[in-house]
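Here the structure is laid out as structure tokens; the discussion comes afterwards.
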Amino acid sequence: MTTNTRLTPLVKWSVVAVVTLTVAAGVPSARVQSPQALEVLHQRLLPVFEVAGVVFTDADETSGRLTVGVLDRGIEGLLRARVAGVGAAAQLIDVVETEPILPVATLRDKIRPVAAGLQIRFSQYVCSLGFNASLGGTTGYVTAAHCSDRQGVVDGTNYFQPLNQLSDEFIGTEIADPPFFRNTNGCPRGRRCRYSDSNFSAGAAGVGFALGSIARTTGADNGSLVIDGAFSITAEGAASVGDTANKVGRTTGWTQGTVSRTCVNTGVSGSNIVLLCQDFVENNLQIVAGGDSGSPVFRINNGGRVTLLGNLWGGNSSGTLFVYSPIANIERELGPLTTF
């Protein structure tokens, strides 16, 4: 599944609640009546960021006072000394403890080291990175073979992460994409067959790849693309009907469903391709959409550890079913892979 929709990478910032603590004893309460005058004083506080542990400063128009957020109240003495040096009245300042403000990255942002599930680009299309791996001692990654210029041909497709075809975002080049076979191994007459929709690319020099790491979003089936940690691949395995299978992809994020069929010979719509022995995963929610092709498919065990099941390549038109190539089929065609 591919899409040629061009997307602009986004970086958002998290907003955390500030818990105001009691102003230190002995500091008289005071306020500035004019918001403009308060803002002038606020701008004088910029040098306090030279004190390690300062998170933010704010002109609180409601209270008519200045607020300085810190990671630890233990730095309050240093902070107030610095305030005195910039000409702001110490009695106008409330010091509050707060959590750090962290940048929030999404599956469509530039992420290094590269992890599974992130958006990648080739030519004019975007897909999802399947999983990092080593093939014959070469570090790189697996994605869907149709996420290349020519499926079933080693064509040297270049990949970028997340979007722009610039040297700074170049992550690798396809070096393995097994050919289709015909009239053998049960492939129907007039059809081209393979056991997986997968290829392997050698990672670009100087780019880090987090072996065994799958980007984890904030929750399954909630539509979020915000990265909130990582899953860790600790095993490879096969699924059985009734198992819960998960995927992480650049379009629909982390979704999951029930394995409804295994080892299904599957015709690819609009082509003469038949992929042998694929697995189906279903849900009554949308769990796949264009651009999710290549996504890692896995079973969650415990403590963030997962078993790699394969990589996603297709789905039905309503998005309630996705199809993936089992990891055994991928390695049957590409050769033994080190995935964790």
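The values are calculated or read from the model by the stated rules, or taken from the named source; none is laboratory data. Predicted model, so just to flag it, every value in this text is computed and none were measured. Cβ sites come from the backbone with ideal geometry, for glycine too, and all protein chains shown count toward neighbours. Accessible surface is based on the protein model in full, side chains and every heavy atom, while ligands, DNA and RNA are left aside. Shrake-Rupley method; radii C 1.70, N 1.55, O 1.52, S 1.80 Å.
Do we find that Y195 is over 24 Å from the mean Cα position of the chain (by Cα), surrounded by 20 or more Cβ atoms within 10 Å (Cβ to Cβ) and of a type in the set (S, T, Y) in this structure?
Spelling it out, Y195 is indeed over 24 Å from the mean Cα position of the chain (by Cα), surrounded by 20 or more Cβ atoms within 10 Å (Cβ to Cβ) and of a type in the set (S, T, Y).
This table checks each residue for (1) assigned to a strand (DSSP E or B); (2) surrounded by 14 or more Cβ atoms within 10 Å (Cβ to Cβ); (3) of a type in the set (A, V, I, L, M).
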residue: H42; (1), (2), (3): no, yes, no
residue: L66; (1), (2), (3): yes, yes, yes
residue: G69; (1), (2), (3): yes, yes, no
residue: I75; (1), (2), (3): no, yes, yes
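Residues are listed down the side, and each one gets a yes or a no for (1) in contact with a Ser or Thr (Cβ under 9 Å, 6 or more places away or on another chain); (2) surrounded by 14 or more Cβ atoms within 10 Å (Cβ to Cβ); (3) over 29 Å from N329 (Cα atoms); (4) in contact (Cβ under 8 Å) with a residue 12 or more places away in the chain:
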site	(1), (2), (3), (4)
A84	no, no, yes, no
A90	no, yes, yes, yes
L107	yes, yes, no, yes
K110	no, yes, yes, yes
V142	yes, yes, no, yes
N158	yes, yes, no, yes
I171	yes, yes, no, yes
C187	no, yes, no, yes
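Look at segment 268-302 and say how many of its residues are in a strand (DSSP E or B) and either among the hydrophobic types (A, V, I, L, M, F, W, C) or free of Cβ contacts under 8 Å to residues at least 24 places away in the same chain (or both).
10
Looking at L166, L118, L135, L129, which is the one that is under 21 Å from the mean Cα position of the chain (by Cα) and under 15 Å from I330 (Cα atoms)?
L129 is the lone residue from the list that is under 21 Å from the mean Cα position of the chain (by Cα) and under 15 Å from I330 (Cα atoms).
Of all residues in segment 226-262, how many are open to solvent by 50 Å² or more (accessible area, probe 1.4 Å), hydrophobic (A, V, I, L, M, F, W, C) and touching a residue at least 60 places away in the same chain (Cβ under 8 Å)?
Result for segment 226-262: 1.
For segment 214-224, what are the residues that are out of contact with any Asp or Glu (no Cβ under 7 Å at 6 or more places or on another chain) and open to solvent by 30 Å² or more (accessible area, probe 1.4 Å)?
A220, D221, N222, G223
Taking the options R108, R121, name whichever one is touching a Cys at 6+ places or on another chain (Cβ under 9 Å) and within 30 Å of A205 (Cβ to Cβ).
When all the criteria are applied, what remains is R121.
Return the pairs, sorted by first residue and then second, in which the second residue is at pLDDT 95 or above and assigned to a helix (DSSP H, G or I), the first residue lies in segment 329-340 and is more than 21 Å from V274 (Cα to Cα), the beta carbons are less than 6 Å apart, and the residues are 6+ apart or on different chains.
L337/E331
Among what's in segment 297-337 and is surrounded by 24 or more Cβ atoms within 10 Å (Cβ to Cβ) and of a type in the set (S, T, Y), pick the residue that is nearest to L225 (Cα to Cα).
Y324
Do we find that S128 is at pLDDT 95 or above and at positive phi in this structure?
no
Any chance you could count how many residues in segment 265-296 are open to solvent by less than 20 Å² (accessible area, probe 1.4 Å) and on the phi > 0 side of the Ramachandran plot?
Total satisfying the criteria: 2.
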